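The values are calculated or read from the model by the stated rules, or taken from the named source; none is laboratory data. Note that this is a predicted model, so its numbers are computed, not measured. A quick note on method: Cβ atoms are made from the backbone with ideal geometry, for glycine too, and the neighbour counts reach across all protein chains shown. The accessibility values were calculated without ligands, DNA or RNA, using every heavy atom of the protein model including side chains. Shrake-Rupley method; radii C 1.70, N 1.55, O 1.52, S 1.80 Å.
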Number of protein chains: 2
Amino acid sequence: MEFLQANLIYLIPVLGLIGIVVMIVKSAWVTKQDAGDDNMRSLAGHIAEGAMAFLKAEWKVLSYFVVIAAILLAWSGTLVETSSWVIAVSFVIGAVTSAFAGYIGMNIATKANVRTTQAARGGLAKALKVSFTGGTVMGLGVAGLAVLGMGVLFIVFYQIYVVSTGASVNGIEMEKALEVLAGFSLGAESIALFARVGGGIYTKAADVGADLVGKVEAGIPEDDVRNPATIADNVGDNVGDVAGMGADLFGSYVATILATMVLGREIVSVDNFNGIAPILLPILIAGLGVIFSIIGATLVKVNDDQGNVQQALNLGNWSSILLTALASYFVVGWLLPDNLELRGVSFTSLDVFFAIVVGLIVGALMSIITEYYTAMGKRPVSSIVKQSSTGHATNIIGGISIGMESTAIPTIILAAGIITSYGFAGLYGVAIAAAGMMATTAMQLAIDAFGPIADNAGGIAEMSGLPKEVRARTDKLDAVGNTTAATGKGFAIASAALTALALFAAFVGIAGIDSIDLYKAPVLGALFIGAMIPFIFSSLAIAAVGRAAMAMVEEVRRQFREIPGIMEHKAKPEYDKCVAISTKASIREMIFPGAIALIVPILVGFGFKGVFESTSSAEILGGLLAGVTVSGVLLGMFQNNAGGAWDNAKKSFEAGVEINGKTEYKGSDAHKASVTGDTVGDPFKDTSGPSMNILIKLMSIVSLIIAPHISVNNGGSHAGIDVKKQTEVPAQIAQAEDGLLYTNTY
Amino acid sequence: MEFLQANLIYLIPVLGLIGIVVMIVKSAWVTKQDAGDDNMRSLAGHIAEGAMAFLKAEWKVLSYFVVIAAILLAWSGTLVETSSWVIAVSFVIGAVTSAFAGYIGMNIATKANVRTTQAARGGLAKALKVSFTGGTVMGLGVAGLAVLGMGVLFIVFYQIYVVSTGASVNGIEMEKALEVLAGFSLGAESIALFARVGGGIYTKAADVGADLVGKVEAGIPEDDVRNPATIADNVGDNVGDVAGMGADLFGSYVATILATMVLGREIVSVDNFNGIAPILLPILIAGLGVIFSIIGATLVKVNDDQGNVQQALNLGNWSSILLTALASYFVVGWLLPDNLELRGVSFTSLDVFFAIVVGLIVGALMSIITEYYTAMGKRPVSSIVKQSSTGHATNIIGGISIGMESTAIPTIILAAGIITSYGFAGLYGVAIAAAGMMATTAMQLAIDAFGPIADNAGGIAEMSGLPKEVRARTDKLDAVGNTTAATGKGFAIASAALTALALFAAFVGIAGIDSIDLYKAPVLGALFIGAMIPFIFSSLAIAAVGRAAMAMVEEVRRQFREIPGIMEHKAKPEYDKCVAISTKASIREMIFPGAIALIVPILVGFGFKGVFESTSSAEILGGLLAGVTVSGVLLGMFQNNAGGAWDNAKKSFEAGVEINGKTEYKGSDAHKASVTGDTVGDPFKDTSGPSMNILIKLMSIVSLIIAPHISVNNGGSHAGIDVKKQTEVPAQIAQAEDGLLYTNTY
């Protein structure tokens, strides 16, 4: 115990390392599996090649961005005392690690897909094992890299800035260490945004394009080898749903941990860990989450084709969550002193544990409600099914209405979660609630990622003309994957809201303001502008999918028209042309929305500096962030849930569904209407919707990074920071915050 | 001049009265026109009957609401010193006047429709004259009643509470007079919400239902007499687009004037009007707007069938706006002292004039941008047209994307308008900007209302089998009407945003709080909940339309199936059954969304009273209102503009449109896809979208009404208000507000 106590800071990255070692073992196991016959290998090769081509093209563009941003960061880091040019190094490491996390996921997914197909020939149990192991590789890769990266960088910066200078762990030097570490998060989150948007545009352009001509016009099944867009569609699953999601969750995970660490610095903690226990806590919990995810993953299995896959996943998921919760109880008690205080709010270590539990409960409730709104057979999806019987338009009206409705209860839960976790442990409570929720990211991601692997496996089965029962088994996995994808998104948006709030609080502290007063005209104006950004961002993402899908439709129509014999299997379609369309469109179209997220906070933060007599630009930026957060959360839930509900409304027809006493199947008019809804929902749920949580967090992180530069303690000029003032910030705020909430007798 | 000066307060209602007299004259003129042959009269009779049946059913339900609300208001009015039971009387008058304004519009519209049809036989010039005169009757009715009602009630309450007691015009007695007057606005706005939602559900259920079976399934034209839902559809134009809109604009107009008056009370004004010039100014400008609208209306005419209707409308509109702006310059100089101050912001009378100009510019820019996003031939609509060629789904994706995009520039303009008008004249500037924008409501409404009259006229022409050129003429009017409807909505949402902000400021003053700090967890939580309300409200409204439309579709299908000979004109469809479906559905479905708007502020205001140690329930309610306003404005613009763009994308096919070098007409697949978009857009643009501005304002007014009860100066108990504290509010705030913005050297 004493050894642990003395070396805790060094043990944390080891937890991440364990995750990576297990990942390598599991990855080797997947690679060792049978990849099927030559035809299957060739198809899988096409998919892997297309995916790699996309990643390379994306990386090329992003490398320019990383270099330019790093230079700017290095320069700006030298301007204020609370930062350093080292932030640029940290940023580059974050960006590269994030890209690498995406690569790991895509690499294993393009191997696991065809091996899952082959395994599915032997039964559901084997197929689940291969696909879920593929998902686990990705989950452990992302979470392991995050814990390892954050852990090691924190040790380095802590040594450089604090230990070597003998500075206080609550002072400006520690603030500097964390500000530099924030560069890692900025790198991760900005790559995540580009990857999510780019990947999302890619996958949906291909999917929508393939469906519109293939399923609707030519009447051939999904994933039919005659459809020229089918390879692009399967590549899309990997670059969007796998690589994009991997970068996304890597960024989220890191941002959540970082926000908690930044707030933790302000806590004067009398503990056995040199006073940095509140800073170490979130990353330790994350590290433990990796270990419990490994344990939980071993529980995910079914015995035969009748096995309940959802149940197996739930068992694994809940085991790792409960183990993490249990461990948190002991870890919190071990690490933290009995009494803590942050910005005038005092709380006990037990309160911190309760805040973690609030986070877990909010996450669980969000998942349950998301499932209700997107699952087959429940009222929301059934209402869309029913409205499909009167045509395309009523199907769309139904889906939009359900999507909007689905924001109500989650918003109330979220607001209650914010207020309750704050009530337990102040702003640290809000942040640690988010960290608790994200602790089992490795498991969450494994569950999320196995879906697209199974989807791809089904595509390969279809294209290789394997027996029907193979496709039936992968379809069973894919259907479960649709639900887990929806609940995963509900989870992501909830954690983003809490993380954004924590980052918001961290920003307020560093910017030295003590309120964000909506009653001031410029703040209210900024709230409007902020709330508009998720709309324009979604518009750009959706329009990009629409445009790229149209180009895809025209290309597929052209090939059907100009290459005779495709329909009779006598000629091969030009798959690569469709792959090229998606790649080019997605790379081109991801830039502008991504730039908005990065540039707007900078423009507002610096542009309004000193413009208004007593509304600081930091306060205006705070109003902007509040607007982005609130509207991003709502639009994210709306789009994710509407998209999920439309998807499953369409799927309901596959098994046949009763409308007004008549059973309707695939091919009926009602089914065609439901396909329209599904197609509209595609960019909602896989492009713009899941980008919302990254948008919110990225804008908060950018603000946090520029906070020292626009700090009101900074007197409007870069030079000559009053160090004393800086370190006094918490005390200043404490006063304003005094009664910020009910006291902690609660 | 001296006489004017001494009797200004009595002259203001006379301006309203002049409007009403002119309205009566014009109404008599319309009634005198030829109503055509027996067949036309009979159809028009069916429409008028159905519309009246709806109004009666609606009034019956609303009368319960009015009685209950009045009792509650009377009771609560006795609890605080700044109110009185008289507020209930004021409320009932507001509700009845609003209903009456809707009735006037509907009465004239159901007369003008058939007379426009008959006039159209003689040429476009005559048809425009009849339909626009019908619109003018409605516009003058609404504006005249508002100015007359507000003017007379203000005289009465000013006499009772201030003059007869000899109290200060800036003190608590004047606050009481205006609080009681706020009851009038509450009555007007709550009837407006029910009328807009109820009418919106009615019209779109009928329209969607009629189109889906008639146009899409049976392949008969719009307004075909064989379609059982066609009478309901035409009734809908009157109850939704006319009566609903009349009540809506009556409420908006009143709320804007009221908000300015409430803020005006806080200004200590050394003028020749007993110190109440800042209170009288908004209502005087409104009265002058009525007169200038009468003048502007005389300019609206075309000479022959080749005349440009849009140009004629623009001439009338801009003349009345410019005349009002010019008059404002002199009126402001005459009324106001040179220097004024509100809550620590000082400004000159010229600054007030500039704020009015800002309002006019914001309104004009909003109209121009709305027109750009919804007009045929411009990039947005053309992009939807193009995306229709690849099917229903891409048409929907295109429309949603355009709708979201359309929020960007208007939001920036709005934010700039808020900040600039504030910069000129503080919060009074924001309020008076809205009042200036709304001054020519009579003209705006005339332009808005002639559209549905022409639409109905076209329907009657079609159903009576009149010659093609008659329909061509009414279609020309209808097409212009579609654009004016869209720009009118852009205008409405902009004025609502400014009005809501003014009401928000008035609320803050009366509730005695000095900031709405987003950094407090309960305020941020409330911001989330508030922002969610427009989503759930829209969801309910859209879902109601979807459900009612489905019932309509089934009824129409049943009639086609069970009544043989309809298609061969041998049997008459049962129109009344369809009318009954729309009536019942709309009355039933309007209640819940309306109740949300009324009850949530009350729940939050009273429910959180004293719950948090130093976050008052008033501050939490402020956060809620900010959330509602920001999200309501964005969702309103999104829905109105997406709906308008889809509508005109569909209309583009009627004249034939070139896509990829091929001209596509009505009946093509691309056209069918565009009909889907139009149908989805229907509830967006005519039910939920235009309800957003009422929702925002109504929630603000409810908050204003309960503000004295939840005031922090009220010490958490109803009894024993510290009168001194109440009157000191402005001074207290002044300090906090000191540097609220750049000083007024600007």
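Quick notes on this structure:
- Region A:162-181 and region B:1-44: distance between their alpha carbon centers, rounded to Å: 76
- Sorting the Cα pairs of region B:144-197 by distance into bins of 10 Å, from 0 upward, gives 25, 43, 24, 8, 1 percent per bin.
- Taking one quarter of the surface of the convex hull spanned by the alpha-carbon atoms of region B:247-328 gives a direction-averaged projected area of 6.8 nm².
- Heavy atoms of B:Val630 accessible to a 1.4 Å probe, total area in Å² rounded to 10: 0
- Sorting B:Trp85, B:Trp29 by accessible area puts them as B:Trp85, B:Trp29; the probe is 1.4 Å, largest comes first, and only protein heavy atoms count.
- Computed over chain B, the range of Cα coordinates on each principal axis works out to 79, 56, 50 Å, biggest value leading.
- Given +1 at the Cβ of Lys and Arg, -1 at the Cβ of Asp and Glu and no other charges, the dipole of the protein assembly as shown around its Cα centre is 2180 debye to the nearest 20.
- Translational diffusion of region B:533-595, µm² s⁻¹ [Kirkwood Rh, Cα pairs; Stokes-Einstein; 10 °C; 1.306 mPa s]: 121
- Cα-Cα separations in region B:534-682 greater than 28 Å, expressed as whole percent: 48
- Backbone amide hydrogens, once placed in the peptide plane, bring A:Ser346 within less than 5 Å of A:Asn744, excluding anything fewer than 5 places away on its chain.
- Of every Cα-Cα pair in region B:502-547, the percent that sits beyond 13 Å: 69
- Note on region A:619-662: semi-axes of the ellipsoid equivalent to its C-alpha gyration tensor, largest first and rounded to whole Å, are 40, 8, 4.
- For region A:1-114, the number of Lys pairs with C-alpha atoms closer than 24 Å, counting only pairs eight or more positions apart or on separate chains, is 4.
- Long-range amide H partners of A:Lys666 with built H, under 5 Å: A:Gly656
- Of B:Ser388, A:Tyr372, B:Ala626, farthest towards positive along the dipole that unit charges on Lys, Arg, Asp, Glu beta carbons give the protein assembly as shown: B:Ser388
- On a per residue basis, the convex hull of the C-alpha atoms belonging to region A:27-118 measures out at 82 Å³.
- Cα convex hull of region B:201-295 - mean projected area over all directions, nm²: 9.0
- With eigenvalues of the C-alpha gyration tensor scaled by 5 and rooted, region A:102-162, Å: 37, 10, 4
- Cα-centre dipole for region B:565-711 with unit charges at Cβ (Lys and Arg positive, Asp and Glu negative), debye to 20: 260
- Principal axis box of region A:552-632, alpha-carbon based, largest edge first, Å: 74, 21, 14
- Chain A: relative contact order as a whole-number percent, Cα under 8 Å and 6+ apart: 20
- Calculated log₁₀ intensity ratio I(q)/I(0) where the Debye formula runs over C-alpha points of region B:211-266, q = 0.25 Å⁻¹: -0.90
- Estimated at the nearest 10 Å², the accessible area of A:Met552 is 0 Å² with a 1.4 Å probe.
- The residues of region B:509-563 expose on average 21 square angstrom of accessible surface per residue, using a 1.4 Å probe on protein heavy atoms.
- Radius of gyration over Kirkwood radius for region A:342-413, both on Cα atoms: the Rg/Rh ratio is 1.27.
- Rounded to the nearest 500, the 222 nm mean residue ellipticity of chain B from helices alone is -27000 deg cm²/dmol, with -39,500 (n - 2.57) taken per DSSP H run of at least 4 residues.
- Put a plus charge on the Cβ of each Lys and Arg, a minus charge on the Cβ of each Asp and Glu, and nothing anywhere else: the dipole of chain B about its Cα centre is then about 1140 debye.
- Dipole of the protein assembly as shown [Lys/Arg +1, Asp/Glu -1 at C-beta], most positive-end residue of A:Ala88, A:Ala500, A:Asn640: A:Asn640
- Listed by chain and number, the lysines whose alpha-carbon sits under 18 Å from that of A:Lys650, ignoring those within fewer than 8 places in the same chain, are A:Lys204, A:Lys215, A:Lys378, A:Lys386, A:Lys476, A:Lys662, A:Lys666, A:Lys672, A:Lys685.
- P(r) of the protein assembly as shown over all Cα-Cα pairs, binned every 10 Å from zero, in whole percent: 2, 9, 17, 20, 19, 16, 11, 5, 1, 0, 0
- Alpha-carbon gyration tensor eigenvalues x 5, square-rooted, for region B:387-543, Å: 39, 23, 15
- From the alpha carbon centroid of region A:487-512 to that of region B:281-360 is 46 Å.
- Rounded to the nearest 10 Å², the accessible area of A:Ser168 at probe 1.4 Å: 70
- Region A:497-603, relative contact order [Cα under 8 Å, separation at least 6], %: 24
- Cα centroid separation - region A:375-423 against region B:78-123, whole Å: 36
- Rg(Cα) / (2.2 N^0.38 Å) computed for region B:1-45, rounded to two decimals: 2.05
- Calculated over region B:311-470: convex hull of Cα atoms, volume per residue (Å³): 148
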